[in-house]
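> After the structure tokens below, expect a handful of questions from me.
Rule-based calculations on the coordinates, nothing more; no lab input. Since the model is a prediction, treat every value here as computed from it, not as a measurement. Methodologically, a virtual Cβ is constructed for each residue, glycine included, from the backbone with ideal geometry; neighbour enumeration extends over all protein chains shown.
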Amino acid sequence: MKLKDIQTWVTVPPTGIGGSFWVIVKITTDNGISGIGECYGIPVSGDIACSMVEDTFARFVEGERPQNVETLFRKIYSAGFTQRPDISMMGVFSGIEMAIWDILGKATEQPGDDLIGGLFHPKLRTYTYIYPKNLGRDHWTTDEAGDVYHDGDAAAERAVEYVEMGFTAVKQDPAGPYSFQGGRELSMHELSRSEYSVKRIREAVGDRADILFGTHGQMTTSSAIRLARRIEPYDPLWFEEPCPPDQVEAFAKVACSTTIPVATGERLTTRVEFHQALKAGVSILQPDIGRSGGIWETKKIACMAELFNAQIAPHIYCGPIAHAAAAHVAFSSPNFLILETIQTGFHEDILLKPLTWENGFMLPPTEPGLGIELNEATLERHPYQTGGRLHLEMCQTPLDSANQRLQSELDD
């Protein structure tokens with residue numbers, strides 16, 4: 001059995017939940033078995049990302065045995081004389097690698113988790129972001145229920161609704177936006193607003209649910225420590241990516257300064273970078289399987305975390321293919337903590353049979369491979385326009401400590 005053909009799509013989720021677009025990969029073998037994968041967050045236009053996937057397949061993958069996952073990883077990890085963690089190439093490889101594991105599962109008639117250790121957990125605890133109830137194309141805008149991203153009272157009301165749906169953890173990141181400038185010192189107002197949001201959610205959900213406090217690397221070390229002290233009384237399960245992801249020593253200082261477990265990983269790739277995070281004192285790793293190196297590399301990251309008594313909580317801000325792949329790693333990993341999840345109509349529509357939940361817990365796919373199949377017609381009805389937005393984008397103007405844009409000053 002040899003890997004023969006590749007097909008790619010870029011599809012646009014109508015609500016914007018899960019990113020501006022998803023890069024979907026389909027690989028077919030010379031004996032007719034097909035597998036699907038998904039690349040996360042390649043920082044170029046969607047059509048260019050597809051070209052990168054197709055070029056990489058032609059150079060390194062076409063004609064190989066699907067069993068040679070280690071060989072393929074080393075070839076692509078080292079592509080172009082790099083041989084180091086590379087966000088773009090590992091995003092490309094991750095989608096290809098998922099599709100290969102899907103093929104291997106179908107060829108052996110086994111679900112993916114059976115190939116990487118077996119089903120350790122019978123079901124997975126999941127969490128959700130606190131999203132607005134009524135989602136339009138730009139879900140960051142407010143609706144009639146209030147601004148759940150910045151209004152603590154609205155967030156608390158929505159959190160209760162999620163808990164009543166069965167979720168035992170909810171996440172919010174009220175200290176945005178996220179600027180390209182890197183870490184900044186939050187104002188007293190921003191610190192107080194973030195604290196109030198966590199306080200109101202805790203009052204609303206009590207001990208029925210954990211609170212996951214997300215940030216996206218926008219703080220200086222000192223600001224992160226100040227905020228952590230503010231929210232400690234409300235016992236969040238984690239303090240996520242408080243400093244820019246390239247500031248590993250900053251993570252170490254924050255981890256030593258708070259009782260809240262520090263989490264990070266959505267912008268890291270391969271076990272090299274996750275090892276650095278573990279050594280810095282990060283106790284919850286959040287690999288995104290569409291970027292971290294695929295199923296096998298993410299399984300290695302999970303195993304490595306056990307040696308540090310750390311847990312994994314896979315990041316999911318993507319489509320359902322990466323979601324399913326991350327679930328297989330989670331089902332087979334003893335140190336799994338919780339899985340991010342997104343449930344929208346479009347996530348279900350691009351699959352012939354959607355992933356399944358029961359009272360806030362994800363149930364294991366039982367079909368061979370990833371256990372899912374694409375609805376290709378749905379993908380083709382939601383195409384990406386050439387040169388459109390990136391999967392995710394940061395604020396492209398500097399911000400002051402009160403999160404006010406300084407572009408007008410730059411223009412003067």
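> Please express the Cα-Cα pair-distance distribution P(r) of the range 1-110 as a list of whole percents, one per 5 Å bin, running from 0 to the bin with the greatest distance.
Cα pair-distance distribution for the range 1-110, in percent: 2, 13, 24, 24, 18, 12, 6, 1.
> Which lysines, on any chain, are close to K300 with Cα under 17 Å apart, when same-chain ones fewer than 8 places away are left out?
Result set, ordered by chain and number: K279.
> Return the aspartates and glutamates within reach of K133: Cα separation strictly under 16 angstrom, same-chain partners fewer than 8 residues apart disregarded; answer none if there are no such residues.
Straight-distance partners of K133: D143, E144, D147, D151, D153, E157, E161, E164.
> Can I ask one more? At 0.36 nm per residue, minus the direct Cα-Cα distance, what do V272 and E161 gain on full extension? Give it in nm, one decimal, please.
36.0 nm
> Restricting the count to DSSP beta bridges whose residues both fall in the chain, what percent are antiparallel, rounded to a multiple of 5?
Of all bridge pairs located within the chain, approximately 50 percent are antiparallel.
> Also, I was wondering about something else. Taking other Cβ within 10 Å of each residue's Cβ, how do F93, F213 sort, fewest first?
F213, F93
> Which one of Y384, G182, A252 has its Cα pushed farthest toward the positive end of the charge dipole of the chain, where Lys and Arg give +1 and Asp and Glu give -1 at the Cβ?
Positive-end residue among those listed: A252.
> A further question on this structure: By counting other Cβ atoms within 10 Å of each Cβ, how are M188, M52 ranked from fewest to most?
If I rank by nearby Cβ atoms, fewest first, I get M188, M52.
> Same structure, new question: Based only on other Cβ atoms within 10 Å, what is the fewest-to-most ordering of M98, M89?
The fewest-first ordering by Cβ neighbours comes to M89, M98.
> Suppose R0 equals 22 Å. What FRET efficiency, 1/(1 + (r/R0)^6) with r the Cβ-Cβ distance, do N309 and E249 give to the nearest 0.05?
0.55
> Another question, then. Of the listed peptides 15-25, 373-383, what is their order by residue-averaged count of other C-beta atoms within 10 Å, with the highest listed first?
Taking the mean over residues of other Cβ atoms within 10 Å, the ranking is 15-25, 373-383.
> So if the hydrodynamic radius of the range 126-243 is defined as the Kirkwood radius over C-alpha pairs, what does Stokes-Einstein give as its diffusion coefficient at 37 °C and 0.692 mPa s, in µm² per second?
Translational D for this selection: 229 µm²/s.
> Moving on. Please list 240-252, 171-183, 388-400 highest first by mean number of surrounding beta-carbon atoms within 10 Å per residue.
The peptides rank, most packed first, as 240-252, 171-183, 388-400.
> Between the range 2-45 and the range 182-250, what is the separation of their alpha carbon centroids in Å?
What the calculation gives is 34 Å, centre to centre.
> Compute the projected area of the convex hull of the Cα atoms of the chain, averaged over all viewing directions, and report it in nm² to one decimal place.
Average projection, Cα convex hull of the chain: 19.3 nm².
> Listed highest first by mean packing, meaning other Cβ atoms within 10 Å per residue, what order do 159-167, 298-306 come in?
Most protected by this proxy first, the peptides run 298-306, 159-167.
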